[in-house]
Amino acid sequence: MQAIKFADLLAQGAVRGKRVFIRADLNVPLTPEGTVADDTRIRASVPAIRLALEGGAAGVMVTSHLGRPKEGQPQPQDTLAPVAARLGELLGQPVRLVPNWVEGGFTLAPGEVVVLENCRLNVGEKKNDPTLAQKMAKLADVFVHDAFGTAHRAEASTYGVFEYAPVACAGPLLVQEVEAIEKVVAHPPRPLIAIVAGSKVSTKLTILKNLAEKVDTLIVGGGILNTFLLAAGKPIGKSLAEPDLVEEAKAVRATLAARGGDVPLPEDVVVAPEFKPDAPATIKSIDEVSADEMILDVGPAFAERIAGLIERCQGAVVWNGPVGVFEFDAFAKGTERLARAIATCPGFTLAGGGDTIAAIEKFGIADQLDYISTGGGAFLEMLEGKVLPAIEILARRAQS
Ligand code: ADP
Ligand code: MG
């Protein structure tokens, strides 16, 4: 990695007395009551903050996005308040939440850690507006990019601010993640099995195009699978899918087939009339899904077949995205079966993604994986062979 590392600045004493701004990835899943459902990403962000405090920073401000709010239109579910509270518990010191922070004007006591409210509420964040980025760049002396989970997005807080920052460096989590994933990208063990599933259909399907050039077997699940089923002419009822991307799904299958690889499609699925925890779950053959049903999980026969592939894989398995609505027990069995197979896989196992981590925690297999990344999309884009925007800007700043 060509970037200036925060650890090196600390070693040089270059952080002492400086105001430190950290772009972390604190985008955690929340419970329906609005509490933190899984704090993995918050825990992963603690080392950078601790290092800043130990390095004598004049104060630390941490920001992150949470969910997908509308810029300039804060809603109750958009606040980082529960995240700040959990971060305070982990740090053992109170962490204040600062709203409306872009123009500055807030206090920051020596040794204090504040969380700057959801950065995706700032108008211009998504479009990487230079005016917004320049304002942010005035807030501190040292800017640390530690948000691996959003390192694949060029937004004002993940890219622009690092263009204008007086000092721009890579945080310890970003460095660790990039180095771990680079190892698999540089020399992929074979066979390489990728599981790409979940609900972010459009973003993930575009990634699959390049991934299809690299993996030997691509296992799809969730809304992505449903789109592949649509492409294969199967009935999917009212399942989550992206009909506009049917051609892309066909192209991905063709690419893999041309390389002697495969996208196995399920023989059975679990369907329900509604998206609800207590909706009745029915196992159906793949040709029998009716118009008023939705596919909420892969079926047991398919799960068993794929689990067998994974349990025999001597190469590597990379996993992003639950293959079913694992939050509801009736639709968690497919994800659980694959998770258990990954846990016993003899090859190298690498998993990442917000909800994927929640599934890993739910099934208690974290210790059995070789590497767990906090990033979903970022992790997939690295596997695709892309240079992440975060890495590009930090490398550029290391030169200037
Ligand atoms: P990650 O955060 O790990 O990258 P995503 O955010 O893309 O994963 O997707 C996770 C979500 O996908 C979960 O909340 C899960 O309930 C949902 N999901 C999985 N399968 C389906 C399905 N068949 N229909 C609707 N939602 C699904
Ligand atoms: Mg998610």
Quiz item: Residues in the range 13-45 that are at positive phi and either at pLDDT below 95 or not in a loop (DSSP other than H, G, I, E, B) (or both): how many?
Solution: 1
Quiz item: Of the residues K284, K333, K362, which single one is among the basic types (K, R) and within 16 Å of ligand 2 (Cβ to nearest atom)?
Solution: K362
Self-check item: Scope the range 340-357; condition out of contact with any Pro (no Cβ under 7 Å at 6 or more places or on another chain) and within 12 Å of ligand 1 (Cβ to nearest atom); matching residues
Solution: A351, G352, G353, I357
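On the given criteria, is K276 among the basic types (K, R), within 13 Å of ligand 1 (Cβ to nearest atom), surrounded by 14 or more Cβ atoms within 10 Å (Cβ to Cβ) and modelled with pLDDT of 95 or more?
Judged against the criteria, K276 is not a match.
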Quiz item: From L87, L26, which residue is within 16 Å of ligand 1 (Cβ to nearest atom) and surrounded by 20 or more Cβ atoms within 10 Å (Cβ to Cβ)?
Solution: L26
Quiz item: Among the residues of the range 1-41 satisfying the criterion of being in contact with a strand residue (DSSP E or B) (Cβ under 7 Å, 6 or more places away or on another chain) and of a type in the set (D, E, K, R), which is farthest from F328 (Cα to Cα)?
Solution: K18
Quiz item: Listed residues F348, F379; which is of a type in the set (F, W, Y), under 16 Å from K214 (Cβ atoms) and surrounded by fewer than 23 Cβ atoms within 10 Å (Cβ to Cβ)?
Solution: F348
Quiz item: Quick one: in the range 185-243, which of the residues that are away from ligand 1 (no atom under 15 Å from the Cβ) and surrounded by 22 or more Cβ atoms within 10 Å (Cβ to Cβ) is nearest to E274 (Cα to Cα)?
Solution: L218
Exercise. Would you point out the residue of the range 359-369, among those that are farther than 17 Å from F148 by Cβ and in contact (Cβ under 8 Å) with a residue 12 or more places away in the chain, that is farthest from ligand 1 (Cβ to nearest atom)?
Key: Q368
Practice problem: Can you confirm whether the range 311-321 contains a residue that is part of a helix (DSSP H, G or I), within 14 Å of ligand 1 (Cβ to nearest atom) and either under 14 Å from A279 (Cα atoms) or out of contact with any strand residue (DSSP E or B) (no Cβ under 6 Å at 6 or more places or on another chain) (or both)? | Solution: no
Quiz item: Conditions: (1) under 30 Å from A281 (Cα atoms); (2) within 16 Å of ligand 2 (Cβ to nearest atom). I207 meets all but one. Number of the miss?
Solution: (1)
Quiz item: Which ones in the range 288-310 are part of a strand (DSSP E or B) and not charged (D, E, K, R)?
Solution: M294, I295, L296, V298
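Provide a single number: the residues in the range 320-339 that are closer than 14 Å to I195 by Cα and surrounded by fewer than 24 Cβ atoms within 10 Å (Cβ to Cβ).
Counting residues in the range 320-339 that are closer than 14 Å to I195 by Cα and surrounded by fewer than 24 Cβ atoms within 10 Å (Cβ to Cβ) gives 2.
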Exercise. Considering only the range 252-269, state which residues are of a type in the set (V, I, T) and surrounded by fewer than 20 Cβ atoms within 10 Å (Cβ to Cβ).
Key: T255
Quiz item: Can you tell me which of G347, G375 is modelled with pLDDT under 95 and either within 16 Å of ligand 2 (Cβ to nearest atom) or not aromatic (F, W, Y) (or both)?
Solution: G375
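Quick check on my filter: what residues within the range 240-262 are part of a loop (DSSP other than H, G, I, E, B) and over 23 Å from the mean Cα position of the chain (by Cα)? Don't jump to the end; show me each part of the working.
Quick first cut of the range 240-262, residues part of a loop (DSSP other than H, G, I, E, B) only: 240-242, 259-261.
Those that are part of a loop (DSSP other than H, G, I, E, B) and over 23 Å from the mean Cα position of the chain (by Cα): R259, G260, G261.
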Quiz prompt | Count - residues of the range 60-81 that are surrounded by fewer than 20 Cβ atoms within 10 Å (Cβ to Cβ) and outside any loop (DSSP other than H, G, I, E, B) | solution = 4
Quiz item: at pLDDT 95 or above, within 16 Å of ligand 2 (Cβ to nearest atom) and not in a helix (DSSP H, G or I), is that true of G324?
Solution: yes
Quiz item: Just to be sure, is A48 within 21 Å of C169 (Cα to Cα), touching a residue at least 12 places away in the same chain (Cβ under 8 Å), part of a helix (DSSP H, G or I) and in contact with a Pro (Cβ under 8 Å, 6 or more places away or on another chain)?
Solution: yes
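The values are calculated or read from the model by the stated rules, or taken from the named source; none is laboratory data. Computed from a predicted model, the values in this text were never measured in an experiment. Note: ideal-geometry Cβ built from the backbone for every residue, glycine included; neighbour counts use all protein chains shown.
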